[in-house]
Amino acid sequence: MSLNVAILYGSVREARVGIRLARFLDAALRQRGHTTTLVDAAEQRLPLLDRMYKEYAPGQAPAVLENLAQLYRRADAFAIVSGEYNHGIPPGLKNLLDHFLEEYFFRPSAIVCYSAGQYGGVRAAMTLRMTLAELGMSSIPSILPVPRVQDAFTPEGEPTDPGFAKRCERFFQEFEWYADALRRQRAEGVPY
């Protein structure tokens, strides 16, 4: 089963290390046979939310929103990579998420979180879980936290701990199960 996964990464800081985790995730999912697209908030340069994509007249949305909407409609699932800023999610990630709604419906999300400290971003993950549910892309039960992210990966996204990828196996399997199940259900149509 090959899935189409959009990886959303929300840090827009100049000196960011979470991108290493996003690169690892991208490579790991591709290695599992999936098609991935890494959506980097720093590269997208979305304006602060004024109007959601759906609030534009057809064909009038800025090109960046049109491109993301098309990508999101093709996605079977979303992997959300979030740092922890003051026990919450990065503002760039929240802004990236909030521009859309219906494009997320009935697609699962997986939370991959990180921090420079020992907790691995889990406090941000709890806030993010509520936001994702409200957007219609509920998160899978497991999360993938990465403490001390600055030491956990090379700049290219290779884990510095040789056992890290193996410890991710159950997380990936759960994500794939939910993505496949919801993809089959979407194909049958929404009952309401």
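The values are calculated or read from the model by the stated rules, or taken from the named source; none is laboratory data. This structure is a prediction, so every number in the text was calculated from the model and none was measured. Cβ: placed from backbone, ideal geometry, glycine included. Neighbour counts: every protein chain shown. We work out accessible area using only protein heavy atoms, side chains counted, and drop any ligands, DNA or RNA first. Shrake-Rupley method; radii C 1.70, N 1.55, O 1.52, S 1.80 Å.
Within segment 82-100, which residues are assigned to a helix (DSSP H, G or I) and either under 15 Å from residue 12 (Cα atoms) or open to solvent by less than 20 Å² (accessible area, probe 1.4 Å) (or both)?
91, 92, 93, 94, 95, 96, 97
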Exercise. Could you please tell me which pairs satisfy a Cβ distance under 6 Å, a separation of 6+ or placement on different chains, a first residue in segment 4-32 that is within 15 Å of residue 71 (Cβ to Cβ), and a second residue that is assigned to a helix (DSSP H, G or I) and open to solvent by 20 Å² or more (accessible area, probe 1.4 Å)?
Key: 4/74; 7/26
Self-check item: Matching residues, segment 75-91, being at pLDDT below 95 and either on the phi > 0 side of the Ramachandran plot or aromatic (Phe, Trp, Tyr) (or both)
Solution: 85, 86, 87
Quiz item: Can you tell me how many residues in segment 150-192 are among the charged types (D, E, K, R) and without any contact (Cβ under 8 Å) to a residue 24 or more places away in the chain?
Solution: 7
Practice problem: State whether one or more residues within segment 164-180 are open to solvent by 30 Å² or more (accessible area, probe 1.4 Å), within 15 Å of residue 82 (Cβ to Cβ) and hydrophobic (A, V, I, L, M, F, W, C). | Solution: no
Quiz prompt | Residue among 107, 30 that is open to solvent by 10 Å² or more (accessible area, probe 1.4 Å), in contact with a strand residue (DSSP E or B) (Cβ under 6 Å, 6 or more places away or on another chain), part of a loop (DSSP other than H, G, I, E, B) and within 24 Å of residue 181 (Cβ to Cβ) | solution = 107
Exercise. Mind listing just one residue for me: the one in segment 12-45 that is small (Gly, Ala, Ser) and at pLDDT 95 or above and, of those, farthest from residue 139 (Cα to Cα)?
Key: 42
Exercise. Please specify each residue of segment 48-81 satisfying the condition of being of a type in the set (A, V, I, L, M), touching a helix residue (DSSP H, G or I) at 6+ places or on another chain (Cβ under 7 Å), surrounded by 15 or more Cβ atoms within 10 Å (Cβ to Cβ) and in contact (Cβ under 8 Å) with a residue 40 or more places away in the chain.
Key: 77, 79, 80, 81
Quiz item: Assuming residue 37 fulfils every condition listed in (1) among the polar types (S, T, N, Q); (2) under 17 Å from the mean Cα position of the chain (by Cα); (3) not in a strand (DSSP E or B) apart from one, which condition is it?
Solution: (3)
